[in-house]
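The values are calculated or read from the model by the stated rules, or taken from the named source; none is laboratory data. All figures in this text were calculated on a predicted structure; none of them were measured in a lab. A quick note on method: Cβ atoms are made from the backbone with ideal geometry, for glycine too, and the neighbour counts reach across all protein chains shown. Quick note on the areas: whole protein, heavy atoms, side chains included, nothing else; ligands and nucleic acids left out. Shrake-Rupley method; radii C 1.70, N 1.55, O 1.52, S 1.80 Å.
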Amino acid sequence: MKVQSIKFLIIFLFLVYFFIVFEANFHGPDEPLYFAYTASIVEDKDLNIVNNINPANTYYFPSGRIGITKTYNFPDYHNHGGVLFWAPAYLYGRLSQLTFVRYDPEGAGKYTVKDFMKCAMSFSTVFFALLTLLLTYFFCRIFFSRWTSFGAVLAVFFGTPFFVFTLFETGNANMLASLFSVLLIWFCSYMINMKRTDFFVFGLFFSLCIIIKSELAFQAVFILLIFLSLVISRRLKWINAGYFMAGIIPGVILRLANNFVKYGTIHISELGPFSIKNWYFLEQLFSSYRGFFYTSPVLYVCLLGLVFVFKSLLSKQRQPGPNDLQDRFFALLSSYLIIKLFVLSFRFAWGGGTPGARILCTEFLIFVLLFARAFQVKRHFKPLLMACAVVAILWNLVVIYEYKAGVDIQYALHAPNLSVRIHELGNIFRELLYVRNLNVKLMVGLPLVC
């Protein structure tokens, strides 16, 4: 009972912390697109946002003129499946504004209805992220101890850009995609017990994941490897693959139909930024300008965990034991991550205009598992590994602050003294503890608990 009380207390404290700190303006790297898509589907009953983006937006309209496709739609390749989940938050924000205007017109009058809707949509992002953290922790507990799992979740959260898109740049699809990624992996882990109808439902769910975020299609590699291993060991039959594919078809047809309405052609719009003429594998990993490992050195600890996994599997003196199945599962998970890294290196904007590995937020669970696996070492090595992880997390916080301050490109060209960067830690901790937009948050949040 005492352990359960501690768990609930920790969850409550995280919820309170997230609530008082998160940005309520639904700002993000791809905005105003996601808000525009949500407004379009609710207000106009369509997904054509050409009339929902301000023509004065110089980023999307650098010439000052609105460009459209031959079907008169806005030519944007970003995923907009998240509208299915943002629309309820959008409507709730409007409802909460109407409620407070009625009972507290003076207080609510300080904010526009758009402020309420953006706050509600930002809170939905925080909610998706919190669910991702909880499910990741419980999944990690299958393999590791309570404190190892908790420490791994905390380390990868603050040691990668994941916390940025949870608390600060809340206008993103990555947190929702991360949640569905965890659900998809958890779903897949029960494949051995699935019936044919379960495979059909699994296919439907996979197609929904792809609609929400196209990059989740990379998980097909992991699903295929798990399926093949079970077929070869005669625990599943080939026919189950047909039911899975049948489940995918409806979502794929709807996705292609949407692209046809939008562009007038049937194609995969997300392939636009890719080019086989360019390959930036090393740059996207190690560049001093938003490289994944440069920004988030905690990934080196995850890489160490991956080395331990393959070392265990390839050891000639390996004896089958409780860690054998665990390492096989981790190896299959990591294989799709490696393939994703390789494919994504064929596009120039490896950070998506953001710090570090934003496009790897959907692999949050994998990084947590590998981080925890790295700590399955002899006891006298753990303090050193823990110290390295703490330094890596602090470095990630510093680089994130430099990105938010707009000096990261300058520092990439001319690195400042270490003392300057150490001083920046105080600034990022103030950012992490700063109470934001509390009045509008309370007005949006109170109806949920009353």
Fill in the blank from the handout: The local net charge around Y263, scoring Lys/Arg +1 and Asp/Glu -1 for residues other than Y263 whose Cβ lies under 11 Å from its Cβ, equals +1
Problem - Per-residue SASA entry for Y289, accessible area with 1.4 Å probe, Å² rounded to 10 - result: 70
Exercise for the section: Quick one: net charge around R421, please, counting Lys, Arg +1 and Asp, Glu -1 for every other residue with C-beta under 13 Å from its C-beta. Expected result: -3
Fill in the blank from the handout: Helix-only [θ] at 222 nm, the chain, -39500 (n - 2.57) per DSSP H run of 4+, per residue, nearest 500, equals -21000 deg cm²/dmol
Practice task
At 1.4 Å probe size, with every protein chain present, just tell me what the per residue accessible area of the chain comes to in Å².
Solution key: 49
Problem - Among the listed pairs K118/K404; K340/K441; K311/K340; K45/K110; K70/K404, those beyond 27 Å (Cα-Cα) - result: K340/K441; K45/K110; K70/K404
Problem - Net charge of Cβ neighbours under 15 Å - reference S233; Lys, Arg +1; Asp, Glu -1 - result: +3
Completion exercise
For L433 and K311, extending 7 Å from Cα along the Cα-Cβ vector and measuring point to point gives, in nm, a value of 3.8
Handout entry: For the range 38-180: span of alpha carbons on each principal axis (Å, largest first)
Key = 56, 46, 25
Exercise for the section: Keeping all protein chains in position, work out how much accessible area V231 exposes to a 1.4 Å probe, and write it in Å² to the nearest 10. Expected result: 20
Practice task
Using a 1.4 Å probe over the heavy atoms of the protein chains, calculate the carbon and sulfur portion of the accessible area of the range 369-411 as a whole percent.
Solution key: 69
Fill in the blank from the handout: In whole percent, the Cα-Cα distances of the range 132-235 spread across 5 Å bins from 0 upward as 2, 11, 18, 19, 20, 15, 9, 4, 1, 0
Practice task
In debye, nearest 20, what is the charge dipole magnitude of the range 14-150 about its Cα centre with +1 on Lys and Arg Cβ and -1 on Asp and Glu Cβ, if you could check?
Solution key: 240
Fill in the blank from the handout: Toy charge model, Lys and Arg Cβ at +1, Asp and Glu Cβ at -1: the chain dipole around Cα centroid in debye, rounded to 20, equals 1440
Problem - Rounded if a/c under 1.5, otherwise prolate or oblate - the range 328-450, Cα gyration tensor axes - result: rounded
Completion exercise
Taking N as the number of residues in the range 188-238, the ratio of its alpha carbon radius of gyration to 2.2 N^0.38 Å works out to 1.16
Exercise for the section: Give the accessible area for F367 in Å² (nearest 10); use a 1.4 Å probe, count only protein heavy atoms, and leave out ligands, DNA and RNA. Expected result: 20
Handout entry: Signed unit charges on C-beta, dipole axis of the chain, positive-most listed residue I366, F22, L33
Key = I366
Fill in the blank from the handout: Taking only protein heavy atoms and a 1.4 Å probe, the highest-to-lowest accessible-area order of M194, M386 is M386, M194
Handout entry: trypsin sites (Lys or Arg not before Pro) restricted to DSSP loop in the range 1-90 with at most 15 other C-beta within 10 Å
Key = K45, R65, K70
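Among the helices of the chain (complete DSSP H runs), which have Cα atoms covering no less than 24 Å along the helix axis and a Kyte-Doolittle mean of at least 1.6? List each step's numbers first, then the result.
On the way: long enough: 2-21 (28 Å, 2.13); 83-103 (30 Å, 0.57); 113-140 (40 Å, 1.44); 196-212 (25 Å, 1.88); 239-263 (36 Å, 0.90); 298-314 (25 Å, 2.43); 322-344 (35 Å, 0.84); 382-405 (34 Å, 1.36).
Span-like helices, by this rule, are 2-21, 196-212, 298-314.
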Practice task
Give the carbon-plus-sulfur fraction of the accessible surface of the range 209-261 in %, rounded to a whole number; probe 1.4 Å, heavy atoms of protein chains only.
Solution key: 77
Completion exercise
Relative to the compact-globule estimate 2.2 N^0.38 Å (N residues), the Cα gyration radius of the range 25-93 stands at a ratio of 1.09
Fill in the blank from the handout: Here the convex hull volume per residue of the chain, taken over Cα atoms and given in Å³, is 189
Completion exercise
Length gained, K237-L13, 0.36 nm per residue minus C-alpha separation, equals 76.0 nm
